[in-house]
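The next block holds one structure in the form of structure tokens; read it before the comments.
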Protein chains: 2
Amino acid sequence: MDALSRERIVAAAVAILDTAGESGLTFRALTERLATGAGAIYWHVANRNELLDAATEAVIAPVVKPVEADEPADGIRAIALGLFDAIAEHPWLATQLATQLSRSPWGSVTPRIFESIGRHVSAMGVPKAGWFTAGSALVHYILGAAGQNAANARVLGAGGDRAEFLAAASAAWERLDPEEYQFTRAVGDQVREHDDREQFLAGVDLVLAGIAASR
Amino acid sequence: MDALSRERIVAAAVAILDTAGESGLTFRALTERLATGAGAIYWHVANRNELLDAATEAVIAPVVKPVEADEPADGIRAIALGLFDAIAEHPWLATQLATQLSRSPWGSVTPRIFESIGRHVSAMGVPKAGWFTAGSALVHYILGAAGQNAANARVLGAGGDRAEFLAAASAAWERLDPEEYQFTRAVGDQVREHDDREQFLAGVDLVLAGIAASR
DNA sequence: CCCTGGATTGGAACGACATTCCAATGTTGG
DNA sequence: CCAACATTGGAATGTCGTTCCAATCCAGGG
């Protein structure tokens, strides 16, 4: 039996989260996968929340590494896509990052994301007074849109393919009152034809255009 | 004892959520406040999640009522501020809306928000192909920024005042490695001097500028 | 080499929770 | 007034996070 360590526990947590979602991360699942007892785990991590935070950090850290790019906007797009892919691959990140943002915004992971995006914002020539606004708009759009994309993918689930999902989503939308939800329904038709990644990048570019316009 | 009803249960849930947060909403707290048993509540409500959704809807519904405005942008600002205030008054909304967005995006509350914002987006003269991108950027920024604002207010808590909070936040930021977090730290200085609401609106206007630029 | 103190482990025990179940009570139409 | 049904209150169940403790491991000093 290899020595138990914080890293091994966090790795096991990520694996469980990936296959069973946030509600699947129980101490029972952990003790079984690690062939140990709950007390041993508690010696290395304070509690379940700290473990969730550590798992989030372990998965996000590689994405927010500094990126060199000719254009600052390209650096932002690269980080945005990295986050998009990470959240698509680990759907539990969406809820987790949102919760962390609105529970303890100055925790460990969120400022790192903010910083990695902000570096490029300041390089864009935005006046200092606009840094917070520009950085916030980017980060909130990126995390929100990536999370929603992951949610769509999850609804799709293991079984079906894209066509099946779109059919289900269409059905759900058709059920909406056409009068009351005319915008949402009109948008549904547009979305079906576009690639998720491209659509996400279009949103990033929209915010970037806003930053450029108010510079 | 007045007749138990779904409305009374939802109202009690909102009251509990406001004073004790999401983790405070237990069936024990509900049965005590309503002077009844768990079984009675389960006859009106399927489970805890449905109750959380109903509480969210009850609090959000008044905010997403149609708004008439001379300029579409003003309508968007009005709805954004309504959401901002609702989330500030009921901080549990931040986590709840984020969770609902990334769990079942096509539930009941989220499309209503999307629709109420989208109406004004289409009135802005955005070409149809850009509706989804523009609406998404707005909604994600609004919910994300409002949630973060509520989180800041919560850290501040019942006891202290704004100066105390800013001192605590400063202290947290000073502890960050100045080299590694130079953008975040620079931004902290800017933020201290500005009104939260104005800062929030500046972000909305930034996204609106992006929409106008790509129109 | 052993022995002693701290580090680490495994699992039992505890209290809180969401949910289910059921007997009892209210209500209503024939 | 009496059957069917709607509604209630609370006891029972199983799962969870967390705490506690006895047992084991390990390193360094005598």
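No lab work stands behind these numbers, since they all come straight from the coordinates. Predicted, not measured: the structure shown is a model, and the values here were computed from it. Cβ atoms come from the backbone with ideal geometry, glycine included; neighbour counts cover every protein chain shown.
Tabulated values for the structure
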{"quantity": "Hz values of 3J(HN,Hα) by residue in the range B:84-98 - Karplus curve (6.51, -1.76, 1.60), Gly and Pro given as x", "calculated": "4, 5, 4, 5, 5, 7, 10, x, 4, 4, 4, 4, 5, 5, 4"}
{"quantity": "Nearest-0.05 FRET efficiency for B:Thr19 and A:Arg197, computed from C-beta distance (R0 56 Å)", "calculated": "0.85"}
{"quantity": "Euclidean distance between Cα centres, the range A:54-90 to the range A:1-45, Å", "calculated": "26"}
{"quantity": "Label spacing, shortest first and in nm, from A:Ser23 to its equivalents in the remaining copies (7 angstrom along Cα→Cβ)", "calculated": "2.0"}
{"quantity": "10 Å Cβ neighbours from other chains, averaged over peptide A:118-125", "calculated": "2"}
{"quantity": "Spacing of the two label points (7 Å from each Cα toward its C-beta) at A:Ala38 and A:Asp2, in nm", "calculated": "2.6"}
{"quantity": "Cα centre as origin, Lys/Arg/Asp/Glu Cβ charges: the protein assembly as shown dipole, Debye", "calculated": "660"}
{"quantity": "Over the range B:59-159, relative contact order from alpha-carbon pairs under 8 Å, at least 6 apart, %", "calculated": "37"}
{"quantity": "Least to most buried among B:Ser214, A:Ser136 (fewest other Cβ within 10 Å first)", "calculated": "B:Ser214, A:Ser136"}
{"quantity": "Simple Cβ-charge dipole of chain B, Lys/Arg +1 and Asp/Glu -1, about Cα centre, in debye nearest 20", "calculated": "740"}
{"quantity": "Shielding score for A:199-211, defined as the mean number of other chain Cβ atoms within 10 Å", "calculated": "6"}
{"quantity": "Dipole of chain A, positive end: most advanced residue of A:Ala78, A:Val59, A:Thr26 [Cβ charges, Cα centre]", "calculated": "A:Thr26"}
{"quantity": "³J(HN,Hα), Karplus 6.51/-1.76/1.60, whole Hz, each residue of the range B:109-117, x for Gly, Pro", "calculated": "7, 4, x, 5, 5, 4, 5, 5, 6"}
{"quantity": "Sequence of B:Asp205, B:Asp70, B:Asp18 once ranked by neighbouring C-beta atoms within 10 Å, starting from the fewest", "calculated": "B:Asp70, B:Asp18, B:Asp205"}
{"quantity": "Set of lysines with alpha-carbon distance to A:Lys128 below 26 Å, sequence-local pairs under 8 removed", "calculated": "A:Lys65"}
{"quantity": "Kirkwood hydrodynamic radius of chain B, from inverse mean 1/r over distinct Cα pairs, in Å", "calculated": "19.3"}
{"quantity": "R0 of 35 Å, Cβ-Cβ distance B:Thr26-B:Gln190: FRET efficiency to nearest 0.05", "calculated": "0.25"}
{"quantity": "Debye intensity ratio I(q)/I(0), log10, the protein assembly as shown, q values 0.06 Å⁻¹ (C-alpha model)", "calculated": "-0.25"}
{"quantity": "Range in chain A, longest, excluding exposed GluC sites (Glu not before Pro) [loop by DSSP; at most 11 other beta-carbon atoms within 10 Å]", "calculated": "A:69-178"}
